[in-house]
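The values are calculated or read from the model by the stated rules, or taken from the named source; none is laboratory data. Remember, predicted model here, so these are calculated numbers, not experimental data. Don't worry about glycine lacking a Cβ; one is built from the backbone with ideal geometry, like all the others, and counts go over all protein chains shown. Surface accessibility is based on the protein's heavy atoms, side chains included, excluding ligands, DNA and RNA. Shrake-Rupley method; radii C 1.70, N 1.55, O 1.52, S 1.80 Å.
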Amino acid sequence: MPSSPPLTPLAAAVLHVGDPERVLLIECGEGEAALFLAREFPSARVRGIDSSEEAIRAANRRVGLDPEGRIAFKQGSSRSLPFPADHFDLLAAVDAHPAPAEAARALRPGGFLALASTRAAATPPGWGGKLLRRRLGRLGFESIWTEAAGEGSFAVLRLRGGGAPGLAL
């Protein structure tokens, strides 16, 4: 039986985040998921960060010329996001996760955190996932949707405080 496409959990997760204007993808690799998010949200500005300089170069080559400046990549760490506070409507990660305090800082109130796993039955997986969920809860995140998708799973959390663009709460 053929395996499901690797972005299936992310595709399922973004069905629950409304219509964000500013999106950040954590550990974006060569940009495949960021390009998917840009197609999914055609009016959003999508940013990707990755700790690997080589991955960022590859991602920039994939984007080519982007005259509108909708998609951009930057080398950076999920433990110290190189963006201002309350800047993003959606933070997304595939097989990675941001530092909880940084996610809370970079997301605007009412913004969403979409965590997708291409291989795990629960996202985030294992004991580390339980600890991460607890830390996120203490910072004001509430789980709004978790589900298996393809061969993986996803979790969508919302940062309390305010509404979200394009989504009736």
Those residues of segment 6-50 which are touching an Asp or Glu at 6+ places or on another chain (Cβ under 6 Å) and not in a loop (DSSP other than H, G, I, E, B), in sequence order: V14, R22, D50
Residue check for E21: loosely packed, with under 14 Cβ neighbours inside 10 Å, acidic (D, E) and at pLDDT 95 or above: no
H97, sole failed condition from (1) over 13 Å from the mean Cα position of the chain (by Cα); (2) open to solvent by 70 Å² or more (accessible area, probe 1.4 Å): (1)
Selection count, segment 28-55, where residues are at pLDDT below 95, in contact with a strand residue (DSSP E or B) (Cβ under 7 Å, 6 or more places away or on another chain) and among the charged types (D, E, K, R): 0
Every pair of residues 6+ apart whose Cβ atoms lie under 6 Å, when the first sits in segment 12-28 and is without any contact (Cβ under 8 Å) to a residue 12 or more places away in the chain while the second is of a type in the set (A, V, I, L, M, F, W, C): none
Selection count, segment 67-123, where residues are on the phi > 0 side of the Ramachandran plot and either in a helix (DSSP H, G or I) or out of contact with any Ser or Thr (no Cβ under 8 Å at 6 or more places or on another chain) (or both): 3
Failed item in (1) within 27 Å of P5 (Cβ to Cβ); (2) surrounded by fewer than 16 Cβ atoms within 10 Å (Cβ to Cβ); (3) touching a Pro at 6+ places or on another chain (Cβ under 9 Å), with R79 passing the rest: (1)
Residue check for L91: within 16 Å of the chain's Cα centre (by Cα), under 23 Å from T118 (Cα atoms), in contact (Cβ under 8 Å) with a residue 12 or more places away in the chain and surrounded by 15 or more Cβ atoms within 10 Å (Cβ to Cβ): yes
